[in-house]
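Since the structure comes first, as structure tokens, the remarks are kept for the end.
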Amino acid sequence: MVKKGSILTVTIADTVFPNKGVAYVDGERVIVHDALEGQTVRIKITKKRGSKIEAKILEVLERSPLEQEAPCAQFGTCGGCTYLHIPYESQLELKTRQVLELLADAGIQGFEFLGIQPSPNVTAYRNKMEYTFGDTEDGILSLGLHRKRMRYEVSPVAGCQLVDEDFLSILDAALDYLRSSNVPFYHKKSHQGVLRHLVIRKAGTTGEILVNLVTTSQGGLELAGLVQKLLSLDLMGTIKGILHTINDGKADAIQVDALHVLWGRDYITEKILGLTFRVTAFSFFQTNSHGAEKLFTVVRDFAGQDLGVVFDLYCGTGTIAQIISPQAKKVIGIEIVPEAIEAARKNAQLNGLDNCRFIVGDVLAELDNLQEKPDLVILDPPRSGIHPKALDKLIAVRPPRLVYVSCQPVSLARDLAVFSANGYRVVKVRCVDMFPHTPHVECVTLISRVENI
Ligand SMILES: C[S@@+](CC[C@H](N)C(=O)[O-])C[C@H]1O[C@@H](n2cnc3c(N)ncnc32)[C@H](O)[C@@H]1O
């Protein structure tokens, strides 16, 4: 019998979402965090509650046959990638299997599975990176990604596979300038210091770049030289704006106490499926621009033609609502972040779309206020999925069809089980890989009331 604290050698039999290995010890199922199927590992049992047993890896004794040399020196310590050491085809197989297992475990059956759509770009696919300032072991200012399982340390990003060279040229230039300015980085424990983050957005479809330096208001920073240095870079894309955000908040998440435009404008534009979207420093936009085109194409196909009233719930900046708009009489988007709705309205205007209405609010509350009956509901909730009470309300509205876009297959499976128990059937599912080298995957699901099939 497995006991908490025991140290064992096991072979990982399976990998389940997200990036958890499964081993069997004396018939008991042990979840081994960060393990990959095929590895032989020495583990320590960290938790045992009933049949729930968890372990951490102490040492990898034998690599998985899936593993190969990762094309990045920081792989393993940097928190950016998880599966960079697995061929892309195998990553797709792994994600597909994990989604299908989760759906099967939730009792979701009888649907058409349309496979997984690979990301159009397997490297340099990200359009946004948030780098953090820290220091190296010898105390020199550094700028990079958080190290795995470390709160304070950052890992350098030279050779990073997730972004193109423009990101790295901008990062190097900013770091070079700021090192010579002798301004300290912000210490999360003492709340002292100035430099917090460098956020770079580069529109994947237009090459427009927005650079945003995030600092506290402590200490004097002279930024004219930084602007000149960035503008003199020889980049593939074009810098359209350089911003300075003041954040004196104590939490890790970026809070905007003030936003100054140091040069140019405060947004970049993406062109997705023939529409233009303004993306500001902090607005949500899918992080893989070309992947987003694939994802939205699947949503558009699943939605079908000649639609009446469509609800786009959790609509963000209204990208899906606007893409669906030519196929619908009217689209109503609901989103909780006011700035996102502002951007959605502005973008719809820019795109000449007059049948989209955007509402700021919580889906749970706003569903009560809508008079219209939807012919189709599109849902793209956050990772936690649909709030159970919002799900009940939505089912009570009895939309004939829904298209559920999910970036978290665990909450998707949970919500689909509720639809299935309440007169709906899952008709078809397609996965879209928007996040190569990470455990994440998007799923698009068409759900229909049983009497409409
Ligand atoms: C995955 S994003 C969807 C983005 C959008 N479909 C797009 O592609 O641009 C989920 C969105 O749900 C919003 N959200 C989270 N909880 C919400 C709630 N209770 N009611 C309304 N919107 C919510 C978030 O602010 C976020 O913009």
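Between K229 and I7, the contour length at 0.36 nm per residue exceeds the alpha carbon distance by 74.5 nm.
For L114 and D26, what is the calculated FRET efficiency with R₀ set at 45 Å and r taken between the beta-carbons, to the nearest 0.05? It would help to have the intermediate numbers written out before the result.
Numbers: r = 40 Å, r/R0 = 0.89.
After rounding, the FRET efficiency stands at 0.65.
Within a straight-line Cα-Cα reach of under 14 Å, K329 can be paired with the following aspartates and glutamates, leaving aside sequence neighbours fewer than 8 residues apart in one chain: D306, D312, D354, E372, D375.
By the compact-protein rule of thumb, 2.2 N^0.38 Å, the alpha-carbon radius of gyration of segment 7-62 corresponds to a ratio of 0.96.
Note down the net charge around V256, summing +1 for each Lys or Arg and -1 for each Asp or Glu among other residues with Cβ under 13 Å from its Cβ. It would help to have the intermediate numbers written out before the result.
Values: positive: R196; negative: D248, D257, D266, E339.
Here the count lands on -3.
Taking each DSSP H run with n ≥ 4 as -39500 (n - 2.57) and averaging over every residue of the chain yields -7000 deg cm²/dmol at 222 nm.
Where Rh is the Kirkwood radius over the Cα pairs of the chain, the temperature 37 °C and the viscosity 0.692 mPa s, what D in µm²/s does Stokes-Einstein return?
Values: Rh = 23.9 Å.
Here the translational diffusion coefficient equals 137 µm²/s.
By the count of other C-beta atoms within 10 Å, a proxy for reagent exposure, V397, V10 are ordered fewest to most as V397, V10.
Charging the Cβ of each Asp and Glu at -1 and of each Lys and Arg at +1, and nothing else, the dipole of the chain about its Cα centre rounds to 1080 debye. Quick one: net charge of K229's neighbours, Cβ under 14 Å, K/R +1, D/E -1? Its environment carries a net charge of -3.
Given +1 on the Cβ of Lys and Arg, -1 on the Cβ of Asp and Glu, and no further charges, what dipole in debye does segment 176-230 carry about its Cα centre, rounded to the nearest 20?
Details: 7 positive and 3 negative charges, 50 e Å.
So the dipole magnitude of segment 176-230 works out to roughly 240 debye.
Can you sort Y131, Y177 by how many other beta carbons sit within 10 Å, fewest first? List each step's numbers first, then the result.
Numbers: Y131 23, Y177 17.
Ranked by crowding around the Cβ, least crowded first: Y177, Y131.
On the principal axes of its alpha-carbon atoms, segment 190-340 has extents of 58, 36, 20 Å, going from largest to smallest.
Each value in this text was obtained by applying a stated rule to the coordinates, not by laboratory testing. This structure is a prediction, so every number in the text was calculated from the model and none was measured. Positions of Cβ are backbone-derived with ideal geometry, glycine not excepted, and every protein chain shown enters the neighbour counts.
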